[in-house]
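Asks: Encoded as structure tokens, here's the structure I'll be asking about.
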Amino acid sequence: QNSPALLRDLCIRHHVTMIQTTPSRFTTLLSDKNNLDYFNHFTDIMVGGEPFPILLLQKLKQLTKANIFNMYGPTETTIWSTIKDLTYTNQITIGTPIANTVCYILDGHQKLLPPNVPGNLYIGGDGVSKGYFHKEVLTEEMFISSPFIENHVIYNTNDLAYMNKNGEVVHLGRTDFQV
């Protein structure tokens, strides 16, 4: 993980065609300009866990013809909740919900907000966990009954976002101090 040269060797030796990592890790990998030839072997690059900088996207596109995906989702919703294919665009969003997942942008009263109006991002669907282990109060606070689907729970990500006109979620940052 910490040596771009060792990762290059590993990827070549094992014929790696797909890679997933954070933007900050990719930035570290790209800093070793002498060990970037293996990027030509990738067919798919998945980036997530942090905001995806436009400069990183541009650098990746210069290095490879691989499909590039922005992945988003908190641990509480089984890691991936949305996906955006960035291969042929420079407009970075966190995309649309994956299968069996739904995203809602809600106000402080859990009312649905119209497109382009920022609010709290809530996630529902099959990937939502049952809550926090031995933390009932926090579970009750963050995992609420869906106001839209009976007997379903949605998770408050505490992320500020809005839904754009294309139905993609645009992530604006945290509403709390969690990293």
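The values are calculated or read from the model by the stated rules, or taken from the named source; none is laboratory data. Keep in mind that this is a model prediction, so the values were computed, not measured. Cβ coordinates were reconstructed from backbone atoms using ideal geometry, including for glycine residues, and neighbour counts include every protein chain displayed. Surface areas here come from the heavy atoms of the whole protein model, side chains and all, with no ligands, DNA or RNA. Shrake-Rupley method; radii C 1.70, N 1.55, O 1.52, S 1.80 Å.
Asks: Could you count how many residues in the stretch 15-65 are among the polar types (S, T, N, Q) and either under 23 Å from TRP80 (Cβ atoms) or crowded, with 16+ Cβ neighbours inside 10 Å (or both)? Walk me through it before giving the result.
Replies: If we filter the stretch 15-65 for residues that are among the polar types (S, T, N, Q), which is where we start, we get 17, 20-22, 24, 27-28, 31, 34-35, 40, 43, 58, 62, 64.
Restricting the remaining residues to those that are either under 23 Å from TRP80 (Cβ atoms) or crowded, with 16+ Cβ neighbours inside 10 Å (or both) gives 17, 20-22, 24, 27-28, 35, 43, 64.
Qualifying residue count for the region: 10.
Asks: Could you check the stretch 9-20 and list, in sequence order, the residues that are more than 14 Å from THR64 (Cα to Cα) and not in a loop (DSSP other than H, G, I, E, B)?
Replies: Across the stretch 9-20, the qualifying residues are ASP9, LEU10, CYS11, ILE12, ARG13, GLN20.
Asks: Just a yes or no: is a residue in the stretch 148-158 open to solvent by 70 Å² or more (accessible area, probe 1.4 Å), within 18 Å of ASP107 (Cα to Cα) and of a type in the set (S, T, N, Q)?
Replies: Scanning the stretch 148-158, I find no residue that is open to solvent by 70 Å² or more (accessible area, probe 1.4 Å), within 18 Å of ASP107 (Cα to Cα) and of a type in the set (S, T, N, Q), so the answer is no.
Asks: I'm checking my understanding of the structure. Among residues of the stretch 99-122 that are within 20 Å of MET46 (Cβ to Cβ) and open to solvent by 60 Å² or more (accessible area, probe 1.4 Å), which one is nearest to the chain's Cα centre (by Cα)?
Replies: ALA99
Asks: I've got another one for you. Six or more apart or on different chains, Cβ atoms under 8 Å: show the pairs whose first residue is in the stretch 65-89 and at negative phi and whose second is part of a helix (DSSP H, G or I).
Replies: Close Cβ pairs satisfying both conditions: LYS65/ASN40; ALA66/PHE39; ALA66/LEU60; ILE68/LEU57; ILE68/LEU60; ILE68/LYS61; GLU76/MET142; LEU86/LEU57.
Asks: Filter the stretch 150-179 for residues that are assigned to a strand (DSSP E or B), free of Cβ contacts under 8 Å to residues at least 60 places away in the same chain and of a type in the set (Val, Ile, Thr) and give the result.
Replies: Scanning the stretch 150-179 gives VAL153, ILE154.
Asks: Identify all residues within the stretch 74-88 that are closer than 13 Å to ALA99 by Cα, at pLDDT 95 or above and assigned to a loop (DSSP other than H, G, I, E, B); write none if there are none.
Replies: Within the stretch 74-88, SER81 is the sole residue that qualifies.
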